[in-house]
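FYI, it's all coordinate maths here, none of it is from the lab. Note that the structure is a prediction, hence the values are computed from the model and not measured. Backbone-built Cβ (ideal geometry, glycine too); neighbour counts: all protein chains shown.
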Amino acid sequence: MSYKQVLLHGLWKDLPPFRLVLGLCPSLAVTSSIENGMGMGLAVTFVLIFSNMMISMLRNIIPDKVRIACFIVLIATLVVIVEMVMKAFFFPLSQQLGIYIPLIVVNCIILGRAEAFASRNPVLLSMADGLSIGIGFTLSLSLVGSIREILGAGTWFGISLFGSNFEPFEFMIKAPGAFLCLGILLGLMNAYSRKRGESIIQT
Amino acid sequence: MDLLLLAIGAIFVNNILLAQYLGNCPFCGVSKKLSTSVGMGLAVVFVATLASIFTWLAFHYILKPYNMEFIRTLAFILIIAALVQFVEIFLKKQSKTLFNALGIYLPLITTNCAVMGITLLNIKYEFNFIEVVVFSAASASGFTLAIILFAGLRERLFISPVPKAMQGTAIALVTAGIMSMAFLGFTGMVK
């Protein structure tokens, strides 16, 4: 695959979490506002780029049988770094995201990319893959976060949009709203892909 | 009485799947058939309870005395991964029937956020040992309850006329949303 293909595939063809249906937990849990969604997306992007880099560098050294354990240790190290940086410089955001920051370790997208891409491709290409998937994930979370925040609280980045007469549709920032929002977005995406005649429909 | 309230709260009010959004990947992945979801649910109860006990002990008796709380994430995932491997070997040797029932789900559990999430919540809520055991078993039972109910619904969905674009995961997520709405009705049952 060329660099251009690798850089673009995370934005539509393999767009997480819709196309890959991996990493659903953070997509549902932290998207009650766009700020949280974006913060989580950027944290995952950081971990993805560097985990892909390290795993690609070590791909010829790690024995095949214990590779999953090795991958998890590498990913966990990066997550500890993210956790500490967030606590030091973005304290309010890290309080909002709570246990979902350490849970990046078990985010299936990261392990999935390590297994499917980084463990069999050169370093720079793997980093490009991490960047592409990470940006796709950040954009998806920002979209879901925007929809839920605008409908559920009537604000966007904390700025009131509709004035004081607006009665917020509170259901959207609660748990059921997250599931419904994600399901309907996935359905719309499938409908669009079907219309364009693409063969990458998620079932 | 407090322990009973804790258990009911963990199963219904703060259901780990439908209110805390943990463990959604296996929720969507293995809930297509009732039998597989029962197996997955039981494996999660088993591993989550054991993992909670070990991570709690490790946190309070190893990490805390040496001021190494910052390494919590790394330590917990290692304990869970090692535990899953150990349980797999032990079951294979000791109990063939249990291994046949749970075996294929065990490797998936290492990256199940429900297990890791429960161990982290135990630390966050500062539980004592008895509370840890009750809370983790109850939370995992909540996971099992939700995944079994959901598998029942999905088997029906499979034979019903769903619009083409919504087939598969899309309609599953919407169904989960409606189920989550039903579980929201339990709010207020426990403080």
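For region A:72-167, how big is Rg over Rh, using alpha carbon atoms and the Kirkwood form of Rh? Let's see the in-between values first.
Values: Rg = 17.2 Å, Rh = 15.8 Å.
Radius of gyration over Kirkwood radius for region A:72-167 works out to 1.08.
With semi-axes defined as the square roots of five times the eigenvalues of the C-alpha gyration tensor, the equivalent ellipsoid of region A:1-46 measures 23, 12, 8 Å, largest first. With a 10 Å cut-off around each Cβ of A:134-141, the average count of Cβ atoms from other chains is 0.
Label positions at B:N128 and A:V123, each projected 7 Å from the Cα along the C-beta direction, are separated by 5.3 nm. Counting other Cβ atoms within 10 Å as a rough exposure proxy, the listed residues B:I130, B:I109 run B:I130, B:I109 from fewest neighbours to most. Of the residues B:T110, B:T97, the one with the fewest other Cβ atoms within 10 Å heads the list, and the complete ranking is B:T97, B:T110. For chain A, what are the DSSP H helices with axial Cα length of 27 Å or more and mean Kyte-Doolittle hydropathy of at least -1.0? Membrane-span-like by this rule: A:34-57, A:67-89, A:123-153, A:175-196.
Sorting the Cα pairs of the protein assembly as shown by distance into bins of 20 Å, from 0 upward, gives 27, 61, 12, 0 percent per bin. Counting only Cα atoms, the size of region A:24-105 along its three principal axes is 41, 27, 17 Å, in decreasing order.
Round to the nearest 10 and give me the degree value, 0 to 90, for the angle of helix B:113-124's Cα axis relative to the longest principal axis of chain B. Once rounded, the angle reads 40 degrees. Between 0 and 90 degrees, the angle of helix B:72-94 with respect to the longest Cα principal axis of chain B falls at about 80 degrees.
Net charge around A:G154, counting only other residues with Cβ within less than 12 Å of its Cβ (Lys, Arg = +1; Asp, Glu = -1)?
Working: positive: A:R148; negative: A:E149, A:E167, A:E170.
Result for the local shell: -2.
Taking H as built 1.01 Å from N, whose amide H comes closer than 5 Å to the amide H of A:W156, not counting residues under 5 places away? Here the answer is A:L161, since their amide H atoms fall under 5 Å of that of A:W156.
Computed over the Cα atoms, what is the radius of gyration of region B:58-191 divided by 2.2 N^0.38 Å, N being its residue count? Could the numbers behind the result be given before it?
Details: Rg = 18.9 Å, N = 134, 2.2 N^0.38 = 14.1 Å.
Cα Rg divided by the expected 2.2 N^0.38 Å: 1.34.
With K and R counted +1 and D and E -1, the other residues having a Cβ less than 14 Å from that of A:S51 yield a net charge of +1. Helix B:34-58 versus the longest principal axis of chain B: what is the Cα-based angle in degrees, 0 to 90, to the nearest 10? The helix B:34-58 is inclined about 20 degrees to chain B. Averaged over the residues of A:167-177, the number of partner chain Cβ atoms lying within 10 Å of the residue Cβ comes to 3.
Counting neighbouring beta carbons within 10 Å and listing from fewest to most, the residues A:R59, A:R194, A:R19 come out as A:R194, A:R59, A:R19.
Note on chain A: with a GNM built from Cα contacts shorter than 10 Å, the maximum mean-square fluctuation among A:G41, A:G163, A:G23 falls on A:G163. Note that region B:157-165 has calculated 3J(HN,Hα) couplings of 4, 4, 9, 9, x, 8, x, 4, 5 Hz, one per residue in order, obtained from phi through the Karplus relation 6.51 cos²θ - 1.76 cosθ + 1.60 (θ = phi - 60°); glycine and proline are x. In chain A, helices alone account for a calculated mean residue ellipticity at 222 nm of -21000 deg cm²/dmol, with every DSSP H run of four or more residues adding -39,500 (n - 2.57). Residues in region B:61-66 carry Karplus couplings, in order, of 10, 10, 5, 5, x, 9 Hz; the curve used is 6.51 cos²θ - 1.76 cosθ + 1.60 with θ = phi - 60°, and Gly or Pro positions show x. With only Cα atoms counted, chain A has Rg and Dmax values of 17.8, 62 Å.
Please sort A:126-136, B:113-123 by packing, taking for each peptide the average over its residues of neighbouring beta carbons within 10 angstrom, highest first. Don't skip to the answer; put the middle values down first.
Working: A:126-136: 24.1, B:113-123: 26.2.
In descending order of packing, they fall as B:113-123, A:126-136.
Excluding B:A151 itself, calculate the net charge of residues whose Cβ lies under 13 Å from the Cβ of B:A151, where each Lys or Arg counts +1 and each Asp or Glu counts -1. Charge balance in the 13 Å sphere: +3. Rg and Dmax of region A:133-200, both derived from C-alpha coordinates alone, stand at 14.4, 46 Å.
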